[in-house]
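Questions regarding the structure given below will be posed in turn.
The values are calculated or read from the model by the stated rules, or taken from the named source; none is laboratory data. None of the values given here were measured: they were computed from a predicted structure. Heads up, the Cβs are rebuilt from the backbone with ideal geometry, glycines too, and the neighbour counts pull from every protein chain shown.
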Ligand SMILES: Cc1cc2nc3c(=O)[nH]c(=O)nc-3n(C[C@H](O)[C@H](O)[C@H](O)COP(=O)(O)OP(=O)(O)OC[C@H]3O[C@@H](n4cnc5c(N)ncnc54)[C@H](O)[C@@H]3O)c2cc1C
């Protein structure tokens, strides 16, 4: 459902630009009517699947030999299937390339604010109007 142009845009912050955060951004963008921002503590998107040669404290990363443990058919993004030429059980670099192609096709990288670690999340009281209701 598209929101009316007249209603105020609801601000949504997505925490983390990994696979889940980016899929959330793509869905929210498609739904429309939101002011989006994604806070990502690292300098690149992709989270766990962004391979880093150097291990860093409190940053999960796959290894040079990592192969995803489910097939392309089982784990595919429903609106963005992986290319036929990729291995059925994708190597991490294939998955990362596929992820990169996905986020570019959805034009969502513009919402990601890199090197921005969220330190605290607090509840605030908002009015019905501010909540877009
Ligand atoms: C070695 C390894 C192998 C794996 N293999 C598989 C597999 O084969 N199949 C499978 O389905 N899953 C696998 N996983 C699970 C993996 O966690 C998921 O596939 C997927 O990456 C989870 O995505 P996510 O976006 O939830 O989390 P992540 O990929 O962890 O992304 C979270 C993002 O949030 C950012 N972030 C974290 N804290 C903050 C903060 N305070 N402020 C701002 N940004 C923040 C991080 O930098 C990161 O970019 C594996 C995980 C690991 C570690």
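Would you confirm whether or not segment 8-22 contains a residue that is outside any strand (DSSP E or B), at pLDDT below 95 and more than 7 Å from the ligand (Cβ to nearest atom)?
Checked against the condition, which is being outside any strand (DSSP E or B), at pLDDT below 95 and more than 7 Å from the ligand (Cβ to nearest atom), segment 8-22 yields at least one hit.
Now for a separate question. Looking at residue 98, is it surrounded by 18 or more Cβ atoms within 10 Å (Cβ to Cβ), touching a residue at least 12 places away in the same chain (Cβ under 8 Å) and in a helix (DSSP H, G or I)? Full working, then the answer.
On the way: surrounded by 18 or more Cβ atoms within 10 Å (Cβ to Cβ): yes; touching a residue at least 12 places away in the same chain (Cβ under 8 Å): yes; in a helix (DSSP H, G or I): yes.
In short, yes.
One residue is enough: does segment 72-81 have a residue meeting the conditions in contact with a strand residue (DSSP E or B) (Cβ under 7 Å, 6 or more places away or on another chain) and farther than 22 Å from residue 14 by Cβ?
The answer is no; no qualifying residue exists.
Please specify each residue of segment 29-61 satisfying the condition of being touching a helix residue (DSSP H, G or I) at 6+ places or on another chain (Cβ under 9 Å) and more than 12 Å from the ligand (Cβ to nearest atom).
Answer for segment 29-61, where residues must be touching a helix residue (DSSP H, G or I) at 6+ places or on another chain (Cβ under 9 Å) and more than 12 Å from the ligand (Cβ to nearest atom): 29, 30, 34, 36.
Right, something else. If you scan segment 82-111, which residues turn out to be touching a strand residue (DSSP E or B) at 6+ places or on another chain (Cβ under 8 Å) and over 23 Å from residue 26 (Cβ atoms)?
Scanning segment 82-111 gives 87, 89, 91.
Of the conditions (1) within 17 Å of residue 14 (Cβ to Cβ); (2) modelled with pLDDT under 95, residue 123 satisfies every one except a single condition; which number is it?
The number of the failed condition is (1).
Further question: Run down 60, 131 and say which single residue is in a loop (DSSP other than H, G, I, E, B) and touching a strand residue (DSSP E or B) at 6+ places or on another chain (Cβ under 9 Å). Can you show your working first?
Working: 60 fails: touching a strand residue (DSSP E or B) at 6+ places or on another chain (Cβ under 9 Å).
Result of the check over 60, 131: 131.
Within segment 62-97, how many residues turn out to be within 7 Å of the ligand (Cβ to nearest atom) and modelled with pLDDT under 90?
Final tally of qualifying residues: 1.
Which residue pairs have Cβ atoms under 8 Å apart, sit 6 or more places apart or on different chains, and have a first residue in segment 26-55 that is more than 23 Å from residue 119 (Cβ to Cβ) and a second that is within 8 Å of the ligand (Cβ to nearest atom) and in a helix (DSSP H, G or I)?
49/19
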